[in-house]
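The values are calculated or read from the model by the stated rules, or taken from the named source; none is laboratory data. Computed from a prediction, not measured in an experiment: that's the story for all the values here. Using ideal geometry, Cβ is built from the backbone for each residue, glycine included, and neighbour counts are taken over all protein chains shown. Accessible surface areas use protein heavy atoms only, side chains included; no ligands, DNA or RNA. Shrake-Rupley method; radii C 1.70, N 1.55, O 1.52, S 1.80 Å.
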Amino acid sequence: MTPTKTSRRGAAFAVLCLAAFTINLDTTIVNVTLPSLVRELGATTSDLQWVVAAYLLTFASLVLAGGSLGDRFGRKGALLSGLAVFGTASAVGGLVDTPTALVAVRAVMGVGAALIFPATLSIISNLYTERDERARAIGIWGAMTGLGVAVGPLAGGWLLEQFWWGSVFVAMAPVAAVGVLAGARFVPTSRDPATPPLDLGGLLLSTLTMGTLVFTIIEAPDRGWTAPATIGGFAAAAIGAMVFVTWERRRAHPMLDISLFRDLRFTAASGSITTAFFALAGFTFLITQYFQFLKGYSPFSTGLRVLPVAVSLVVGSITGIRLSVRIGNKVIVAAGLTMVGIGFAWVSTASVATSYLEIVGQMIVIGVGMGFTTAPATEAIMGVVSKEKAGVGSAVNDATRELGGTLGVAVIGSIYASLYASGVDAAPRSLPRSVVHGASDSIGAALAASHQLGGPAGNSLLHAARSAFFHGVQVGCLVAAGVLFIGAAFVARFLPARPTPPLELAEPEHHFALVPLTTTPNHEHDSGMVHPGND
């Protein structure tokens, strides 16, 4: 590859990392903002869950469709369109004044993310076709999650202290705009050169099935996990999945090759990512409230104090991907899930008196474990699919992340919320019931109510709220730890350490991404890639 082509490839890769960074920046900024939404917009715990979940709902519902459309019509166009939608919605988000409006904006941002995320990873798989190069690139791409975790709370905390809560959304619009301009200049166009007919039925079925599943999970904590509506929602999602599988098997050119799920390297890696993000989403939902409400840290101080988990995730991603290429995915991914599980078991012992130094230790264990899990598992997934179908493969990887995150917020959040509410309701009967009922909505509301009451009554309510908060956190973290340990055992049993020989020897058009290639202009042309300027 000539120096010019190398520099162009590097510039394109930088744009893709910026896009991935933007998505993760959004998640962490929103988490830091949650306590401010309680104070400024009067948001309840349910509102906070929906501010997070609305984004996950549209993202998860549309991500398979987004990856497929990128393969079919062009991944660069999907990337730029997604950034434009995401940036515009972010700017609008800073102008709304109700939790409901903010939830609607977050849903639109999820639509943009569903186009962006599959495009970034699928373009990387087409830029780097040799496994070692691709693994290193995916490791750096995965490290952007850690960088977003680091910059998001810091930037969000500073903006919250200098401006109003909406500034954290407005600030993301220029970042997205830079991505659009740089992407138009440097990112090459790529698509499936076979240009198969659009599988409209597959697109609709996948969107409806994922949407039904995610919506049911989000609503289950309020409706009840055994409520008829919840059971009906899960049944509808299961039926939709069966219809989708049947439809795809009968298509000559399916949106998603169902046979991929027979490959344990694909399915076990997908399961490990779902498990990791299940735990991470639940953790981030609670940790910002713990720092700001129970520890009394300011938003910016909270951002500084979550740096250890961010830096650890970056180190874990880059180190984990190198180790996985050297000694195999199985050991590294299983070790990563085990580390995260140990971290959550450790977090379950937290109290108001827990020192920050101990919290740092917890965050390092969780961060390194997340890096060891997600980057090598992503490399395993992308190594199974052909580069022509990289968009759909990337979308499956992204869908597992979002599904796991949605489950984490719903399940862990539900466990926490129910235990917290019941704990506050058990406060002394001498306290006004209307005040106790309001305090059961969130820990922020409880702190405000205790301040208003003052005296022994306020202290009594404060003690009940703190005890209820930590009881909910303890049980939620132990549930997450149990899920992680089960996931680690599953990976240790089923995830192949390396690509299997049949895949390595497969013909290029079926498993091209696993065959080392020398990148030349001819190969680039054969892969469906064209240079910037030929879009």
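All conditions in (1) under 30 Å from L337 (Cα atoms); (2) open to solvent by less than 30 Å² (accessible area, probe 1.4 Å) hold for A427, with the sole exception of (1). Entry remark, segment 147-173: residues being within 29 Å of I318 (Cα to Cα) and more than 22 Å from the chain's Cα centre (by Cα) number 1 in total.
Against the list (1) of a type in the set (G, A, S); (2) open to solvent by less than 40 Å² (accessible area, probe 1.4 Å); (3) closer than 24 Å to S46 by Cβ, the condition G240 fails is (3).
Residue-by-condition table, conditions (1) under 17 Å from R401 (Cα atoms); (2) open to solvent by 10 Å² or more (accessible area, probe 1.4 Å); (3) among the acidic types (D, E); (4) touching a residue at least 24 places away in the same chain (Cβ under 8 Å):
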position: I23; (1), (2), (3), (4): yes, no, no, yes
position: D26; (1), (2), (3), (4): yes, no, yes, yes
position: L37; (1), (2), (3), (4): no, no, no, yes
position: L48; (1), (2), (3), (4): no, no, no, yes
position: Y55; (1), (2), (3), (4): yes, no, no, yes
position: T58; (1), (2), (3), (4): yes, yes, no, yes
position: V63; (1), (2), (3), (4): yes, no, no, yes
position: G66; (1), (2), (3), (4): yes, no, no, yes
position: L79; (1), (2), (3), (4): no, no, no, yes
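Given the criteria surrounded by fewer than 24 Cβ atoms within 10 Å (Cβ to Cβ) and farther than 20 Å from F470 by Cβ, does S434 qualify? Yes, satisfied.
I342 fulfils the conditions (1) open to solvent by less than 40 Å² (accessible area, probe 1.4 Å); (2) aliphatic (A, V, I, L, M); (3) modelled with pLDDT of 90 or more except for a single criterion, (1).
Checked across segment 34-55, the condition of being under 30 Å from L198 (Cα atoms) and at pLDDT 80 or above holds for at least one residue.
Given the criteria open to solvent by 20 Å² or more (accessible area, probe 1.4 Å), of a type in the set (K, R) and in a helix (DSSP H, G or I), does R249 qualify?
It is true that R249 is open to solvent by 20 Å² or more (accessible area, probe 1.4 Å), of a type in the set (K, R) and in a helix (DSSP H, G or I).
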